[in-house]
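Here is the structure we will look at.
The values are calculated or read from the model by the stated rules, or taken from the named source; none is laboratory data. Remember, it's a predicted structure, so these values are computed and weren't measured experimentally. Note that each Cβ is placed from the backbone with ideal geometry, even for glycine, and that neighbours are counted across all protein chains shown.
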Amino acid sequence: MTNLPMQSLQEIFGSRLQEFVRLNAFTTTQVGGPARGFISINNSEEMEHTLKTLWELDVPYYLLGSGSNLLISDSGYDGIILHNRAHNIKVNTKTAPPLVTAESGAGLGQLAQIASRRGVSGFEWANSIPGTVGGAVYGNAGAHGSDISEKLLTVKILTRDVGAQLLTNEDMAYQYRSSRFKRERIPVVILEATFIGEKANPEDCMRLLHELTEKRKKTQPNGPSFGSTFKNPPGNFAGKLLAEAGMKGVKCGGASISSVHANFIVNHGDATAQDYYCLIREGQKRVKEQFGVDLNLEIELLGEFEDVG
């Protein structure tokens, strides 16, 4: 176990710092062990202050948003979890084009709905994505033929070495489901982002939002999951390869590969993180053996997992 300066942290953060909080309540898979420390962050200023404090004390931390693209091990995280609840969203319809600015903890679906109701189009596709703005900007989230790279204007980030910076879309060097920071594993915290929208009729925006949401629901399973587990390999689809490899319906403990869409792993109520990990490795193994394709994770692993054959 990491030797954390818990007494110093308690003196600084007081009741904001909780110990041994189970993380399954903060992930969309509903699995995950305890965090050694847990701090809720309510706005960008609080985020900046908290991070600078942890950096000064050299304390390991992980920034948790909606917990949608994340598998936390059953042993949990031996550091400080920062739960990002900074979710302010501002829509400016007086500019041409209109702009939407959101703190990183805001839900992507929340952004889509607020913008649509204000008659700002271009975000309807995001309503069915369970992640936060910060995670979406970091990983270039997308659906229905659109993604973050098409909408981002600027992003305010924070790094340990430089501090706060304002970056452009080009600075993010976006590729499919990734940014420069994600590919190069550069430690960065996204504070807020500004997106470019299009003026439209609010009723038309909401109609399209509901149509796309219903379309996505028909092709995806119900129940706790990450969303997509693997990235689509070039020229193919992860779900198709997994289905052809016989993974639909395969179970491990309380989790199984969805029979609706093979790129989804569903918790049936008593799954563990290790159950999810087992299915991830089995899917990768079968696809590699049968098609010679390496499936890369769209999700992130946090903590220690047991090796599986």
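Observations on the model:
- ALA245 fulfils the conditions (1) buried (at least 22 other Cβ atoms within 10 Å of the Cβ); (2) touching a residue at least 60 places away in the same chain (Cβ under 8 Å); (3) over 21 Å from the mean Cα position of the chain (by Cα) except for a single criterion, (2).
- Number of the exception - HIS210 against (1) at pLDDT 95 or above; (2) out of contact with any Lys or Arg (no Cβ under 9 Å at 6 or more places or on another chain); (3) in a loop (DSSP other than H, G, I, E, B): (3)
- Unique match (being crowded, with 17+ Cβ neighbours inside 10 Å, under 24 Å from ALA96 (Cα atoms) and not assigned by TED's automatic domain parsing to the domain that holds LEU297) among GLU150, GLU170, GLU192: GLU192
- Qualifying residue in segment 16-39 (condition: among the aromatic types (Phe, Trp, Tyr), in a helix (DSSP H, G or I) and touching a strand residue (DSSP E or B) at 6+ places or on another chain (Cβ under 7 Å)): yes
Residues are listed down the side, and each one gets a yes or a no for (1) modelled with pLDDT of 95 or more; (2) closer than 22 Å to GLU103 by Cα; (3) surrounded by 16 or more Cβ atoms within 10 Å (Cβ to Cβ); (4) not assigned by TED's automatic domain parsing to the domain that holds ILE190:
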| site | (1), (2), (3), (4) |
| --- | --- |
| THR27 | yes, yes, yes, yes |
| GLY33 | yes, no, yes, yes |
| SER40 | yes, yes, yes, yes |
| LEU51 | yes, yes, yes, yes |
| GLY65 | no, yes, yes, yes |
| ASN69 | no, yes, yes, yes |
| ASP74 | yes, no, yes, yes |
| TYR77 | yes, no, yes, yes |
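- Filtered residue count, segment 92-110, keeping only those that are under 21 Å from GLY65 (Cβ atoms) and touching a residue at least 60 places away in the same chain (Cβ under 8 Å): 6
- Scan of segment 73-100 for residues that are part of a loop (DSSP other than H, G, I, E, B) and within 30 Å of LEU23 (Cβ to Cβ), ordered by number: SER73, ASP74, SER75, GLY76, ARG85, ALA86, HIS87, ASN88
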